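See below for the structure under consideration.
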Amino acid sequence: MDIIYTIWLRNLKRYIRSKSRLLGSLGMPIFLMLVLGYGLNSVVVLPGMEQGYIGFIIPGIISMSVLFTSVFAGIQIIWDKQFGFLKETLVAPVSRLEIMLGQTFGGATTAVIQGLIIFVLSLFMGLKVSSIPGFAIAIVFMILIGISFTAFGIAIASRMDDMHGFQLIINFVIFPIFGLSGALFPIDDLPLWVRSLTLLDPLTYGVEGIRYGLLGTSQIDPLICFMVLSGFTVVMVMIGSHLFRKISI
Amino acid sequence: MFAITVENLTKEFGNFTAVNGLSFNIEQGEVFGLLGPNGAGKTTTMSMLSTMLKPSCGKASVNGYDILNNEDEVRRSIGIVFQDQSLDEELTAYENMDFHGRLYRLDKGIRKKRIIELLELVELADKKENLVKTYSGGMRRRLEIARGLLHEPKVLFLDEPTLGLDPQTRNHLWDYIEKLSREKGITIILTTHYMEEADKLCNRIAIIDKGSIIALGTSDKLKKDVGVDIIKIVSSEKEKLWSAVSSMPGIKNIEIHDDSLTIGLKDAEKHVVKIINMAYSRDIPIGSISIHKPTLEDVFLHFTGRTIREEEASGKEQMRMMRRLRR
């Protein structure tokens with residue numbers, strides 16, 4: 001436990017110190033929220049959405065910011081590998097699993113903080129939270145997205161030698177995961193093949209879960225969301241720790 | 001009991017043998033040097049001894065613990081300073097130390113006390129709250145050494161501790177390492193390709209080339225093994241001088257370099273007069289003349305037939321090959 005805490009602590013210290021990264025990763029979500037939210041709010045009418053299109057996408061934007069922050073946090077171990085710090089951790093008499101879990105929880109924590117910042121900002125944009133327990137449910141889903149996708153990032157980073165493949169991962173893996181998740185559009189009326197794709201995307205269940213928590217309505221049963229996302233989290237942590245164990249430097 | 005025993009240790013990457021059947025023992029409290037060019041297998045040996053790499057075959061133990069069966073105990077017994085920097089630049093010196101202390105499960109009180117002591121030892125105590133990214137190369141090295149000592153290891157591994165540092169900082173670090181060995185009685189194993197460094201610090205030196213030990217002993221013994229002194233003559237007509245000198249008796253070897261001639265022979269002091277007289281009688285000008293006792297550089301040349309610099313180039317080639325194979 002001490003070891004996991006130690007590594008978690010280091011991640012948090014680094015996060016708090018790097019103001020530019022903190023602000024930089026808020027840029028894109030805020031931009032999307034303003035442009036899409038205000039831009040399409042009057043054009044897009046969603047039946048049953050009292051808070052309009054902007055209310056609809058806020059959970060999606062929160063998921064996005066948790067997703068990106070957590071994947072980055074996981075992939076960060078490539079820097080540690082390149083700048084040598086990973087060696088210091090790996091040569092200590094601690095198990096790789098502890099290191100991996102510390103890194104995962106550290107990344108998830110920063111990702112949830114990042115999501116909460118977006119949440120607070122969206123309160124100013126008119127978001128009305130349905131209930132306090134609902135808010136707690138949203139937090140749970142944010143934590144699950146954070147843990148699973150940090151582990152996902154660690155799994156990728158364990159297989160990469162340097163940052164050259166980074167752009168590839170962002171464009172061909174992370175953006176599709178975000179785009180297909182139903183963060184920006186309702187999934188009920190999609191053509192069948194697109195709908196199947198969105199249902200294969202684990203983030204869909206995270207977005208829907210947060211949407212249920214914040215707005216009180218969702219297109220997928222929140223219990224199913226919770227089960228699918230929990231399952232995905234467990235699998236990702238297993239894959240991540242397996243690949244991390246095999247890193248050699 | 002030996003601090004380190006190594007028996008027939010071998011590491012292969014594909015069909016490239018990086019370390020080939022090394023065997024040696026290191027006494028407790030000894031400073032032991034692995035000297036050789038880049039790519040000779042020094043770092044690979046260190047990695048195996050520190051349990052970072054599994055050997056292909058052979059055995060080794062550190063502080064009495066087997067490197068294969070008792071990884072955690074080996075890790076607890078060693079402190080290590082890697083060839084490449086391994087600090088977190090976004091943290092302060094104190095935080096880097098603290099992180100290390102927590103990883104090795106030191107209690108809070110002990111951790112705090114030792115961190116301060118060690119930072120004082122390496123003269124960084126007044127800068128302990130500065131971020132490491134503001135540190136110079138020498139300060140980072142010192143911090144890494146202090147960090148490696150935090151959990152009071154029995155054996156300290158230093159992989160090229162002074163690589164890329166300026167001469168002044170290097171001397172400073174050498175003093176620290178000597179002090180450590182003297183005051184703490186800690187066993188130190190260091191790799192280097194600086195002859196001077198091995199000569200100054202190590203009780204015993206293993207010269208390692210292409211994965212094998214080619215000579216092992218104290219620096220004095222290794223130099224005696226070479227058996228000859230060296231006379232270096234700078235002359236504008238070195239070819240003429242070469243043909244004249246090579247016919248003299250007692251000459252072991254003679255070589256022409258860019259601007260000079262080096263002659264290897266026994267009891268150089270007695271022969272130098274003869275050489276000068278002969279050059280004078282044949283009207284060969286002599287720019288300067290010097291006699292020196294063999295250095296480790298000559299030892300390396302003697303045992304491998306190459307200078308360590310010639311070896312550097314081919315060593316890099318090998319490294320490249322190794323990297324390709326590892327992918």
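FYI, it's all coordinate maths here, none of it is from the lab. Because the structure is predicted, anything quoted here is derived from the model rather than measured. Virtual Cβ from ideal backbone geometry, glycine too; neighbours counted across all protein chains shown.
When all alpha carbon pairs of the stretch A:195-249 are counted in 5 Å bins from zero, the resulting P(r) reads 4, 19, 22, 18, 13, 9, 7, 5, 3, 1 %.
For the pair B:Asp258 and B:Ser56, the difference between a 0.36 nm per residue extended length and the Cα-Cα distance amounts to 68.4 nm. Protection proxy ranking, highest mean first, for peptides A:66-77, A:174-185: A:66-77, A:174-185, where packing is the per-residue count of other beta-carbon atoms within 10 Å, averaged. All other residues with a Cβ under 13 Å from the Cβ of B:Val234 taken together, and with Lys, Arg as +1 and Asp, Glu as -1, what is their net charge? Neighbourhood net charge equals -1.
Applying 0.36 nm per residue to the separation of B:Ser212 and B:Leu68 and subtracting their alpha-carbon distance, the gain on full extension is 49.7 nm.
Amide H contacts of B:Asp209 (H built 1.01 Å from N, in plane; Pro and chain starts excluded): B:Ile214 sit under 5 Å, all sequence-distant by 5 or more or on other chains.
Computed from backbone phi with θ = phi - 60° and the Karplus coefficients 6.51, -1.76 and 1.60, the 3J(HN,Hα) list for the stretch A:206-220 is x, 4, 5, x, 5, 4, 4, x, 7, 9, x, 10, 7, 8, 10 Hz; x is used for glycine and proline. Which values of log₁₀ I(q)/I(0), to two decimal places, follow from the Debye formula for the stretch A:1-135 at q = 0.11, 0.14, 0.16 Å⁻¹ with a uniform point scatterer at every Cα? Taken in order of the listed q values, log10 I(q)/I(0) reads -0.50, -0.71, -0.84.
Under 5 Å between amide hydrogens, built in the peptide plane, is the criterion, and for A:Gly84 it picks out nothing among residues at least 5 positions away or on other chains. A convex hull fitted to the Cα coordinates of the stretch B:4-223 yields 119 cubic angstrom per residue.
Report, in debye and to the nearest 20, how large the dipole of the stretch B:4-223 comes out about its Cα centre when Lys and Arg carry +1 and Asp and Glu carry -1 on their Cβ. Intermediate values should be presented prior to the final figure.
Details: 30 positive and 33 negative charges, 58 e Å.
Dipole size: approximately 280 debye.
Counting Cα-Cα pairs of the stretch B:228-293 in 5 Å increments starting at 0 gives whole-percent bin shares of 4, 19, 36, 28, 12, 1. Take the Kirkwood radius over Cα pairs of the stretch B:120-223, plug it into Stokes-Einstein at 25 °C and 0.890 mPa s, and you get 164 µm²/s for translational diffusion. Would you kindly give the portion of the calculated P(r) for the protein assembly as shown that falls above 38 Å, as a percent of all Cα pairs? I get 47 percent for the Cα pairs in the protein assembly as shown exceeding 38 Å. Computed 3J(HN,Hα) for the stretch B:134-151, one whole-Hz value per residue from the Karplus formula 6.51 cos²θ - 1.76 cosθ + 1.60 where θ = phi - 60°, is 8, 7, 7, x, x, 5, 4, 4, 4, 5, 5, 5, 4, 5, x, 9, 4, 8, glycine and proline marked x.
Per residue of peptide B:52-61, the mean number of Cβ atoms on other chains within 10 Å of the residue Cβ is 1. Helix-only arithmetic for chain A: the sum of -39500 (n - 2.57) across DSSP H runs with n ≥ 4, divided by the residue total, places the mean residue ellipticity at 222 nm at -23500 deg cm²/dmol.
Can you tell me what percent of all Cα-Cα pairs in the stretch B:178-234 are more than 18 Å apart?
Result for the distance tail: 46 percent.
Computed from Cα positions, the angle between helix A:96-124 and the longest principal axis of chain A comes to roughly 30 degrees. For chain A, dividing the convex hull volume of the Cα atoms by the residue count gives 127 Å³ per residue.
Shielding value for B:79-87 is 4, the average number of Cβ atoms from other chains within 10 Å of each residue's Cβ. Between A:Ser130 and A:Met160, the C-beta separation translates, for a Förster distance of 45 Å, into a calculated FRET efficiency of about 0.65.
3J(HN,Hα) along the stretch B:162-178: 10, 4, x, 9, 6, x, 5, 4, 4, 4, 4, 5, 4, 4, 4, 5, 4 Hz, from the Karplus curve 6.51 cos²θ - 1.76 cosθ + 1.60 with θ = phi - 60°, whole Hz, x for Gly and Pro.
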